[in-house]
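For reference, the structure discussed in these notes is given below.
The values are calculated or read from the model by the stated rules, or taken from the named source; none is laboratory data. Note that the coordinates shown come from a computational prediction; the quantities given were computed from them, not determined experimentally. Heads up, the Cβs are rebuilt from the backbone with ideal geometry, glycines too, and the neighbour counts pull from every protein chain shown. Side chains are part of the model used for accessible areas, which takes the heavy atoms of the whole protein and leaves out ligands, DNA and RNA. Shrake-Rupley method; radii C 1.70, N 1.55, O 1.52, S 1.80 Å.
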Amino acid sequence: ASAATGCPVSANAAAFDPFGDAYQADPPEAVRWSREEEPVFYSPEIGYWVVTRYDDVKAVFRDNILFSPSIALEKITPVSEEATATLAKYGYAMNRTLVNEDEPEHMPRRRALMEPFTPEQLAHHEPMVRKLTREYVDRFVDAGKADLVDEMLWEVPLTVALHFLGVPEEDMETLRKYSIAHTVNTWGRPSPEEQVAVAEAVGRFWQFAGTVVEKLRRDPSGPGWMPFSIRAQREQPEVITDSYLHSIMMAGIVAAHETTANAAANAIKLLLENRTVWEEICADPALIPNAVEECLRHSGSVAAWRRLVTADTTIGGVPIPQGAKLLIVNSSANRDQRHFDNADAVDIRRENASDHLTFGYGSHQCMGKNLARMELQIFLEELTTRLPHLELVPDQEFTYLPNTSFRGPDHLWVQWDPSANPERGDP
Ligand code: HEM
C-alpha cells in the first residue's frame, strides 16, 4: 500500500493505536495484519517502530547493545510540568534499575543479585506461597461467587513479592497501598489531573521505599532479596550503589506484582473459556506446569516491551535509523504461525510452549520467571483441587487498564455451587 500511494506509512500503520479499543481488547489480534503483511512498521501515533514477528522480536531482545533497553521504563505519555514538580517534591529519582540498564553496568549487577532467584533459593518460598493462596481461597470458598482479581490475584502476588524482597511485616500494608499508581504513571495515558494524583502516589511510594531500605540497612541479616542486596553492596559497593538499592526496592515490587497478578487472571480466564482444558488439568495436575507455559504464551501479561536503536540497522529487512524507538510486541510474537503451529489454539501439551517471549529473552530476561511460574502453578493447583466446578460468570464484560504493556482483566468474576465443593465430604 505504501509503495502504491507514495506515502511512507501504510493505511494500517497510520491507523495503529495501542491505546485504542482493538489493541486494548486483544493485542496479538489487533496486529495480525502486521504479522502477515508488514511485520515492521512505523507508527506515527506513538512515534515508535513496531515489531510483531517471532524471529524479529527475538532478534531484538537478543542484542541488548544494538537495541538498548534504556527506554523500557520511559513514560510513554509525556509528563506534565505539574506532575514533574510533584515528583521532584518527593526527591523521586528512580532511574536505572536492571531492566533498563545498559552494559557494561548491567551484567555485573545482574550477576551480583541473582542468587535469591535460583531454584534452590526459591524452593524456600513455596510453603509461604501455598499458605497465602490457601488462606485467600478459604475466604471465598463457600461464597459461590467471587471476583478472583479483587479477592485473590491482586493481593497474593503483592504479598509474595514483599516476602521475597524481605520487607518487614509492619511495612507491608503501606507499600501495598503505594504500589498501585506506578503502572498508570509509566505505561498509561493519564490525563493532566490524573498525572498529578499519580505523581503524588509514586512520590510517596518512592519516599517510603527509601525508609524501608534504611531500616533494613540497620540489620540486613534477614532473608529476602533486599537484605541480600544490602549485604552484596558491602562486597561490591561500586556495582550496587545506594541509589540503585533504593530503585530496586520500589521497582522490584512493581516487577513482581502486577505482571504476576495479570498473568494469573489471564491464565484462569483462558482455561475456563476452554472448559475441556480446565477439566483435563483438574483430572491430571501433572499437566499444570506446561499449561502455565501455554497460558503465558497465548495470553501473557506483558504484551509489548521497548528498546532504543543505537546504530543504523535493519530489522526483518526494513532499514531502521539510529535513535529509533521500538515497540516489540512479544504477545504478537507468541502467536506467530511461523514459530507455533496453530498459534491461536490453546494446547496445553504444546512441546514448544515455553519458547514464548513473555519473560523477554537474552541478557535481560526476567529474573523472577521461576517465582512467577511457581505462583501460577500453585494458584492452579489450589483452584483445580478445591473448586474444579468453577466457571466464569456468563456475559461479563472484561475491562483493561489502557496501557501499551501490562495486560490483565480488571475483574474476573467466577461462580460455583458451594454445596458441591469436593472438600465438604472429606474434611
Ligand atoms: C524483567 C516479565 C514476574 C523481576 C522482565 C522483563 C519482562 C518481564 C518482559 C524484561 C525482559 C527483557 O528485557 O528481556 C515478567 C512477567 C512476569 C514477571 C510476565 C510474571 C508472569 C517477575 C517477578 C519478579 C520479576 C515475580 C521478581 C521477583 C524481574 C527483574 C527483571 C525483570 C529483576 C530485570 C532483569 C534484567 O534486566 O536483567 N520481566 N516478569 N519479574 N523481571 Fe519480570
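Annotations for the structure displayed:
- Breaking point among (1) touching an Asp or Glu at 6+ places or on another chain (Cβ under 9 Å); (2) within 16 Å of the ligand (Cβ to nearest atom); (3) assigned to a loop (DSSP other than H, G, I, E, B), for MET374: (3)
- Answer residue from the stretch 63-76, given it is within 9 Å of the ligand (Cβ to nearest atom) and at pLDDT 95 or above and is surrounded by the fewest Cβ atoms within 10 Å (Cβ to Cβ) among those: ASN64
- Neighbours by Cβ (under 7 Å, 6+ apart or cross-chain): first from the stretch 40-51, farther than 10 Å from ALA324 by Cβ; second among the hydroxyl-bearing types (Ser, Thr, Tyr): PHE41/SER10; PHE41/SER34; VAL50/SER34; VAL50/SER43
- TYR54 passes every criterion in (1) within 16 Å of the ligand (Cβ to nearest atom); (2) open to solvent by 30 Å² or more (accessible area, probe 1.4 Å); (3) in contact (Cβ under 8 Å) with a residue 60 or more places away in the chain apart from (2).
- Within the stretch 283-310, the set of residues being open to solvent by 40 Å² or more (accessible area, probe 1.4 Å) and either in contact (Cβ under 8 Å) with a residue 60 or more places away in the chain or basic (Lys, Arg) (or both) comprises PRO285, PRO289, ASN290, LEU308, THR310.
- Filter result for LEU87 (surrounded by 20 or more Cβ atoms within 10 Å (Cβ to Cβ), away from the ligand (no atom under 16 Å from the Cβ), touching a residue at least 12 places away in the same chain (Cβ under 8 Å) and in a helix (DSSP H, G or I)): yes
- When the residues of the stretch 253-274 are filtered to those that are of a type in the set (S, T, N, Q) and more than 9 Å from the chain's Cα centre (by Cα), the one that is farthest from the ligand (Cβ to nearest atom) is ASN274.
- Condition check for ARG335: more than 6 Å from the ligand (Cβ to nearest atom), in a loop (DSSP other than H, G, I, E, B), out of contact with any Gly (no Cβ under 9 Å at 6 or more places or on another chain) and among the basic types (Lys, Arg): yes
- Looking across the stretch 99-129, just one residue is loosely packed, with under 14 Cβ neighbours inside 10 Å and of a type in the set (Gly, Ala, Ser), and that is ALA123.
- Set PHE359, PHE379: member being within 16 Å of the ligand (Cβ to nearest atom), assigned to a helix (DSSP H, G or I), at negative phi and buried (at least 17 other Cβ atoms within 10 Å of the Cβ): PHE379
Residues are listed down the side, and each one gets a yes or a no for (1) modelled with pLDDT under 95; (2) more than 16 Å from the ligand (Cβ to nearest atom); (3) open to solvent by less than 20 Å² (accessible area, probe 1.4 Å):
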residue: LYS131; (1), (2), (3): no, yes, no
residue: VAL137; (1), (2), (3): no, yes, yes
residue: LYS145; (1), (2), (3): no, yes, no
residue: TRP154; (1), (2), (3): yes, no, no
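- All conditions in (1) within 17 Å of the chain's Cα centre (by Cα); (2) farther than 30 Å from ALA345 by Cα hold for GLY210, with the sole exception of (1).
- Taken over the stretch 313-325, the criterion of being within 18 Å of SER70 (Cβ to Cβ) and either open to solvent by 40 Å² or more (accessible area, probe 1.4 Å) or within 12 Å of the ligand (Cβ to nearest atom) (or both) is satisfied by PRO321, GLN322, GLY323, LYS325.
- The stretch 231-251, subset open to solvent by 10 Å² or more (accessible area, probe 1.4 Å) and either within 13 Å of the ligand (Cβ to nearest atom) or outside any helix (DSSP H, G or I) (or both), residue nearest to GLN396 (Cα to Cα): ALA251
- Scanning the stretch 397-414 for residues that are open to solvent by 40 Å² or more (accessible area, probe 1.4 Å) and either away from the ligand (no atom under 16 Å from the Cβ) or outside any loop (DSSP other than H, G, I, E, B) (or both) gives GLU397, PHE398, THR399, TYR400, PRO402, ASP410, HIS411, TRP413.
- Subset tally (residues that are of a type in the set (Gly, Ala, Ser) and closer than 10 Å to GLN195 by Cα) for the stretch 70-85: 2
- Count - residues of the stretch 264-277 that are in contact with an Asp or Glu (Cβ under 9 Å, 6 or more places away or on another chain) and not small (Gly, Ala, Ser): 4
- Residue in the stretch 17-29 that is part of a strand (DSSP E or B), modelled with pLDDT of 90 or more and closer than 30 Å to GLY203 by Cα present: no
- Tabulated pairs, the stretch 219-236, first without any contact (Cβ under 8 Å) to a residue 12 or more places away in the chain, second open to solvent by 70 Å² or more (accessible area, probe 1.4 Å) and of a type outside the set (A, V, I, L, M, F, W, C), C-beta under 8 angstrom, 6+ apart or interchain: PRO220/ARG231
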